[in-house]
Amino acid sequence: MTAAIDYGSFNDSESLEDNSIQNSSSRPSSSSATVVAYISIGSAIFASILLFLQSPSTTHQLPLLKMAQQTTDNTLIPDPSAYPHRLFIKRTNTTIPILGFPSVALARLSDPTQQPLANSAVRHAVEDLQIGYFDVAPEYGDGVAQERLGPALKPYRNNVFLAAKTMFRTEEGSKQDLENTLRALQTDHLDLYQFHSISTQDDVDTILGPKGAMKTFQKAKAEGKIHAIGFSAHSEPMAIQMIQSGLVDTCMFPINFVSYHYGGVGQGVLDAAIAHGVGVIALKSGARGRLTTQSGDAVHVPQTFHHIPEWKRQEMIHYPVVTSPKYYTWYEPEDDPVELNKLVLWALNQKGVTAVLPPGTMDLLDGISDMVRGKSEVPVLSEEDVEGMMRRYEGMDIVPIFHNRSVSGTKVST
């Protein structure tokens, strides 16, 4: 019997993205003190249940800016050369490191007295792992992740690339959500602001409509509150529409080995992104497959949310979410460290991919970081490696987290 998890305590926002409908225009009506300490926080504290779950003429690695955090020997923290960098925002020639920090891992720290744990986790990520790209959303823990990330990241803010999202589709809703996020993150600007979990035609039409959230984004960009516009999605058709609009700089999309080979998902988005000069962050690269009601723990959806629109709450009810009993992710991550690294490398080897966000648990972050930290280029997977991966997953009784065979192929969580 699965244990009920309270979505009111934490939430995997990217999970909620996965509740997207690839070919549908409708949704249910509304209506770690030591490194060991950091890592041990892992499964018990950091849940990845998201649903709840610059000079235009020169290339630069954001954000080597004023008031940079430095060591006594004036070494920058994080080290901008710790990871390979790739072009992300073509319009401004902005590059970012290929590995980001999954801030959804902070979403279970709902008690304010747990802020020191968040501080330790972020300090470990920045100072030990040298990670300089952070992504968060108010949907992660219904505001908890961004509230914990703000104070924890403040000492390093001028040295990192900070991205956030909003699930609100209208101008009015997204405007308030942006102000709440800036306050929680204790910053006056975001390097990237993204529409979160675009799933349906209605999402696209509302966002781009006369009273849509794009209005908020464009005004905030003009005011310097955000520096670039992007989106995340799990619906390939909707992602392609957003890319083709010419109004976005970046895209977050599941570039996952199993979903790509056995679900037919990902190449269309990569092709469109390359054609339109849009940077791509690979989501769910470390996922093996989707959970079932037998293999996952049920998630309780509360009566109200503070940072998640009602339509998304309804979607969570209509498409019940289950989470990993071990990692608290809404999918089954690959936990064999060698195989996990192969999955991540595969995603980074896909043409058009700028960076990856690893599974939303601190337990797996160090191993992925160790694989690419200190290298000037991303390691290349051999044909033999890929063939071995194909044999491995063909022999497993798993279902891709995303596939094109039915609407349910995009309904997992957000």
Notebook entry, point to check: Stretched out fully, how many nm does the piece from Q314 to Q176 gain, at 0.36 nm a residue minus the Cα gap?
Noted result: 47.5 nm
Notebook entry, point to check: For the pair S245 and H300, what calculated FRET efficiency results from E = 1/(1 + (r/R0)^6), where r is the Cβ-Cβ distance and R0 = 51 Å, to the nearest 0.05?
Noted result: 0.90
Notebook entry, point to check: Of the listed peptides 309-316, 85-92, 158-165, what is their order by residue-averaged count of other C-beta atoms within 10 Å, with the highest listed first?
Noted result: 158-165, 309-316, 85-92
Check: How much length is gained on full extension from D188 to E127, taking 0.36 nm per residue of separation minus their Cα-Cα distance?
Finding: 19.6 nm
Checklist line | region 346-408: trypsin sites (Lys or Arg not before Pro) falling in loop per DSSP and having at most 14 other Cβ within 10 Å | finding: K351, K375, R405
Check: ³J(HN,Hα) across region 169-180 via Karplus (A = 6.51, B = -1.76, C = 1.60, θ = phi - 60°), whole Hz, x for Gly/Pro?
Finding: 9, 9, 4, 5, x, 6, 4, 5, 5, 4, 4, 4
Note to self: Going through the cross-link list K154/K375; K90/K351; K165/K312, which pairs have a Cα-Cα distance over 18 Å in this structure?
What the structure shows: K154/K375
Check: Which FRET efficiency, nearest 0.05, do N349 and T113 yield, Cβ-Cβ r, R0 35 Å?
Finding: 0.25
Checklist line | Computed lengthening from D205 to E383, 0.36 nm per intervening residue step minus Cα-Cα distance | finding: 59.9 nm
Margin query: Quick query: amide H of I198 versus all other amide H atoms, modeled in the peptide plane; which residues come in under 5 Å with a sequence gap of 5 or more or a different chain?
Written below: S232, A233, H234
Margin query: Is the C-alpha gyration tensor of region 75-232 telling us rounded, prolate or oblate? Criteria: a/c under 1.5 is rounded; beyond that, a/b larger than b/c is prolate, otherwise oblate.
Written below: oblate
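Every read-out reported here was derived from the displayed coordinates using simple, explicitly stated rules and does not represent laboratory data. Everything quoted here is computed from the prediction, not taken from an experiment. All Cβ positions, even for glycine, are placed from backbone atoms using ideal geometry, and neighbour counts span all protein chains on display.
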